[in-house]
Amino acid sequence: MLKHIIEYSFSKTHDKTYVFVPGYSGGLNVATISKIVEYFVKQGKGNVYGVSMSYQYDTQDLFDNSQIKLITVLKHIATIAPYTDIILIAKSLGGSLALFNCKKLPINKIIILGCSIKLGWPQRISLFKTQNPTLPDYKSEWKSILASISIPTLVMSGEFDDITDNSFLFQATQINQNLRLIVVENANHNLENSESGELLIETLIKSIEDFLTESHSHNDS
């Protein structure tokens, strides 16, 4: 198995495989990912994997090395768990990588936990380090990408996430029926309560389960 793959649970009898991809900071240990991983492992209804991603600061790495790693790892997981529906659950930057490379990934559905769309693509991580950043023209950069998504995709976004644009994402869902947006009330980028910092895990799990059980007959083969 590739060194970048963490296996949480696996059984040849499962027909679903969940693959978790971290965002820029915190890796797979952030609560937004670890709590959902814990839930799926306890449910025992599918294979569960994590992808260990070490993002570098410069955007060239994000555009080249990180996406190559993601594609390679997903293709390898597809060989480990053949004949299963592969559901990619990605946080923030991991979700951006998934969307940008969607057509190259052997996946059936995508769930994004916090979409850092205002950083454009390649993601301008340097904006986090600037007091008065000039945002890229993310709308023109993302418009064609979001319009071309061809598999069921759920974006879960915080109401008070300052690095996304929920209105823009909602407009994208009107153009592409494969996209669905859920804006989590009173949540930040990590989908935590913006005041208490508590992860809104029950809301996340319910939304994810509802999405996974929905019929997507116009997308599924």
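The values are calculated or read from the model by the stated rules, or taken from the named source; none is laboratory data. Values in this document were obtained by computation on a predicted structure and should not be read as measured data. All Cβ positions, glycine included, derive from the backbone under ideal geometry; neighbour counts span all protein chains shown. These accessible areas exclude ligands, DNA and RNA; they are computed on the full protein's heavy atoms, side chains included. Shrake-Rupley method; radii C 1.70, N 1.55, O 1.52, S 1.80 Å.
Among helices (runs of 4 or more DSSP H) entirely within region 116-221, having at least 2 residues that are modelled with pLDDT under 95 singles out 138-148. Being surrounded by 22 or more Cβ atoms within 10 Å (Cβ to Cβ) and in a loop (DSSP other than H, G, I, E, B) is the filter here; which residues of region 1-26 pass it? Within region 1-26, Pro22, Gly23 qualify. Per this entry, Tyr49 is counted among residues that are assigned to a strand (DSSP E or B), at pLDDT 90 or above, of a type in the set (Phe, Trp, Tyr) and surrounded by 17 or more Cβ atoms within 10 Å (Cβ to Cβ). Just one of the listed residues (Asn108, Asn29, Asn65) is of a type outside the set (Asp, Glu), modelled with pLDDT of 95 or more, open to solvent by 20 Å² or more (accessible area, probe 1.4 Å) and more than 26 Å from Asn178 (Cβ to Cβ), namely Asn29.
Checking Phe160, Phe170 one by one, the residue that is farther than 16 Å from Thr32 by Cβ and free of Cβ contacts under 8 Å to residues at least 60 places away in the same chain is Phe170 and no other. Report yes if Asp137 is under 20 Å from Lys91 (Cβ atoms), open to solvent by 40 Å² or more (accessible area, probe 1.4 Å) and charged (D, E, K, R), otherwise no. In short, no. The residues of region 143-181 that are open to solvent by 30 Å² or more (accessible area, probe 1.4 Å) and closer than 16 Å to Asp210 by Cβ, listed by number, are Arg180, Leu181. Listed conditions (1) touching a Ser or Thr at 6+ places or on another chain (Cβ under 9 Å); (2) of a type in the set (Val, Ile, Thr); (3) over 20 Å from Leu99 (Cα atoms) are all met by Thr213, apart from (1). For region 154-169, taking the residues that are in contact with a helix residue (DSSP H, G or I) (Cβ under 9 Å, 6 or more places away or on another chain) and of a type in the set (Ser, Thr, Tyr), the one that is farthest from Leu113 (Cα to Cα) is identified as Thr164.
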